[in-house]
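Trainee: Below you will find the structure I want to go over with you.
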2 protein chains.
Amino acid sequence: MSLEYILLGMLDQPASGYDLKNEFEQGTRYFWAAELSQIYPTLNRLEERGWLSSRTEASARGPERRVYKRTAKGEKELFQWVRSGPAMGTERFAYIGQLIYMSQLNDLDATREFLTRLRADLAERTQFLKSVHKAVEEIPGFPDALGEADFHNYLALHIGVETTAARLRACDACLRMVQRRLQREASHV
Amino acid sequence: MSLEYILLGMLDQPASGYDLKNEFEQGTRYFWAAELSQIYPTLNRLEERGWLSSRTEASARGPERRVYKRTAKGEKELFQWVRSGPAMGTERFAYIGQLIYMSQLNDLDATREFLTRLRADLAERTQFLKSVHKAVEEIPGFPDALGEADFHNYLALHIGVETTAARLRACDACLRMVQRRLQREASHV
DNA sequence: CCACGCATGTAATAGGTTACATGATTTA
DNA sequence: TAAATCATGTAACCTATTACATGCGTGG
């Protein structure tokens, strides 16, 4: 289960389930999503397994917090995972299926609309990633002075930005092709 | 459940569970994966729901085949799905997490190796998609003479090719950055 | 006093993987 | 005769989503 390792990776600093949920919402969500209802049982399981330890502490406001810390065993498992080679191949892209099977509608205008909506989503995503990416580039002494964490984060962001930007351009190219086809259709009626 | 709709989309021609599994392995797997053990119960569920009908027929070789056909109700549901707008946002990329948390190893050489492996995977994927993409471009009369199915398939392939190609280039850029950092490390010891 | 943010969880359901079970026909 | 391909499925388990349940403290 990858979520276990993602949580382990986030826990280079002690944190509560609630803290981790916020981290997911800050930026992690661009490559992984998780709900509190999945995070809490996973943290408990990880503790039972001895990969994490926890202590409760008072909160500045609100109820008691349960703060988790990665154990030596947990660190070892994380390191094994990251060294085990890229975990690829199970990605699922429902919207590509939608685009393909949309051919059966025989309604090119629906395809145009679909791509327009897709374009908007991609533009937003690209925008967000670009802004974080640029923020790292503006750290004084970039890139040599970056710490390992910032450097690796930058690498991940670079892949993310380039990928979504390319997808956005491809989406625009598709829209142009659809547009051309729609015009041809109109002129042949 | 998107698999239900993917199967519905594939069933513009009658087919058996086994046929559909082959289709997944031919190319569908580049945007969606499914095992027979998931396909069979899903087809049964779809039939119970009245979205598919089935009849058994003798096989050229091997046991009897159960061939599914999409019903009018099933078509209606498929069309509703494709018209409901891009289904995005739940994609999970474990390898991005691996790359990010790899910073905690403090072993840039491991990062280099990781990216090298990632590069190989991406190159293979890009190669495959490019070959199918090119095959569509070489259909006589491209693009105007393409049927709707081929045209939409081409759009999907275009997005796929451009995305993986960009990711491949980004991966190479990352490798160069790591290389530079490794050299700097060596010269500072 | 009510809404919001902090904080923890459980239960029911849905979606997906791996392993197991069975048996026919063809080709080497 | 052994392996590969055709063909259908079940069972156990793991992963993830949605809905529900609870309660404190602060600011408007």
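Trainee: For the range A:23-68, how many residues are surrounded by 12 or more Cβ atoms within 10 Å (Cβ to Cβ), under 22 Å from A:Asn153 (Cβ atoms) and free of Cβ contacts under 8 Å to residues at least 60 places away in the same chain?
Mentor: Selection size over the range A:23-68: 9.
Trainee: Can you report the number of residues in the range B:27-41 which are assigned to a helix (DSSP H, G or I) and either within 9 Å of DNA strand D (Cβ to nearest atom) or away from every other protein chain (no Cβ under 14 Å) (or both)? Before the answer, list the steps.
Mentor: Step one: list which residues in the range B:27-41 are assigned to a helix (DSSP H, G or I), which gives B:28-30, B:36-41.
Now narrow it down to the ones that are either within 9 Å of DNA strand D (Cβ to nearest atom) or away from every other protein chain (no Cβ under 14 Å) (or both): B:36-41.
Qualifying residue count, the range B:27-41: 6.
Trainee: Quick check on this structure: which one of B:Arg92, B:Arg70, B:Arg83 is within 12 Å of chain A (Cβ to nearest Cβ) and within 30 Å of B:Glu113 (Cβ to Cβ)?
Mentor: Exactly one residue qualifies, and that residue is B:Arg92.
Trainee: Does B:Glu47 satisfy the criteria of being within 17 Å of the chain's Cα centre (by Cα), part of a helix (DSSP H, G or I) and farther than 25 Å from B:Val161 by Cα? Explain how you work it out, then say what you get.
Mentor: On the way: within 17 Å of the chain's Cα centre (by Cα): no; part of a helix (DSSP H, G or I): yes; farther than 25 Å from B:Val161 by Cα: yes.
No, not satisfied.
Trainee: Anything in the range B:108-123 that is more than 8 Å from chain A (Cβ to nearest Cβ), more than 19 Å from B:Arg180 (Cα to Cα) and charged (D, E, K, R)? List them, or say none.
Mentor: Within the range B:108-123, none qualify.
Trainee: Give B:Glu48, B:Glu64 a once-over and let me know the one that is near DNA strand D (Cβ under 10 Å from one of its atoms) and more than 11 Å from chain A (Cβ to nearest Cβ).
Mentor: Exactly one residue qualifies, and that residue is B:Glu64.
Trainee: Can you say whether B:Ser53 is modelled with pLDDT of 95 or more, part of a helix (DSSP H, G or I) and polar (S, T, N, Q), as far as the supplied structure shows?
Mentor: No, not satisfied.
The values are calculated or read from the model by the stated rules, or taken from the named source; none is laboratory data. None of the values given here were measured: they were computed from a predicted structure. Quick reminder, even Gly has a Cβ in these numbers, built from the backbone with ideal geometry, and neighbours come from all protein chains shown.
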